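Q: Starting off with a structure, shown below.
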Amino acid sequence: MAACSPLGATPPEMDGAAPDRSRNDPTADRDVRRARRIVRALHAGGVGVWEVDVRRDRVRWDRRTFEILGIEPQEFDGSMHGWLRLVEPDDLIATRRALADAMAGRRPLDHHFRIRRPDRSIRHLQLSGQTDHDESGRAWRMCGIVVDVTHAIVASMSNASAESVERSRRLHNEMLLRMGHDLRSPLNNISGYAQFL
């Protein structure tokens, strides 16, 4: 059974994290420093870190996740329902299913969905994570990362749109050429008859 956090402990920068009690434990102190380095590296890449206490329905986000979602810590009630409330309605069923499958151990969490931020902008997010299960196989904790992939999605849509415009232009030109050829044959016949008359 893999531990959810890379070091088996909640990263210290998580909102609401317990105070550091590692002062007398050099191993714990080293692990906390390593966890801080990992979280800083993730933040540098624009990656948010989240954790869910499944049994108590408590969700904790680090500051980067709040920035990605465009809300302040006091605007979030810390529940799974509060998290899902941000998901675009068209993506809600698939998001619930992805979370349920991850909790049941059917598949790892790797899910793309959209949210609407308070400023009404739509953001595309990629959510990845893993679940810890107890001895009876019940999920007790989930943790992972969230990445804002909006720019990549918009760029790929722009490329697809540009390709679509180019394809339409080519088809239009081919159709005009074909029509020109198809019209030339009867026009040549008509012109021939006109000259004969």
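Just so it is clear, none of the values below were taken in a lab; they were calculated from the coordinates. Remember, it's a predicted structure, so these values are computed and weren't measured experimentally. When we count neighbours, we look across all protein chains shown, and the Cβ atoms used for this are built from the backbone with ideal geometry, even at glycine.
Q: Kindly write out, for the range 90-106 in residue order, the coupling ³J(HN,Hα) from the Karplus curve 6.51 cos²θ - 1.76 cosθ + 1.60 (θ = phi - 60°), rounded to whole Hz, with x marking Gly and Pro.
A: 5, 9, 5, 4, 5, 5, 4, 5, 4, 5, 5, 5, 5, 5, 7, x, 6
Q: Are there trypsin sites (Lys or Arg not before Pro) in the range 107-152 that DSSP puts in a loop and that have at most 15 other Cβ atoms within 10 Å, and which ones? Could you put the intermediate results ahead of the total?
A: Numbers: sites: Arg114, Arg116, Arg120, Arg123, Arg138, Arg141; in loops: Arg120, Arg138.
Answer by residue number: Arg120, Arg138.
Q: Simple spin-label model, 7 Å along Cα-to-Cβ: Glu135 to Val149 in nm?
A: 3.9 nm
Q: If you don't mind, another one. Between Arg55 and Asp101, what is the label-to-label distance in nm when each label sits 7 Å out along the Cα-to-Cβ direction?
A: Between Arg55 and Asp101, the simple spin-label model gives 2.8 nm.
Q: In 10 Å bins starting at zero, report the fraction of Cα pairs in the range 75-119 per bin as a rounded %.
A: In whole percents, the pair-distance histogram is 26, 52, 20, 2.
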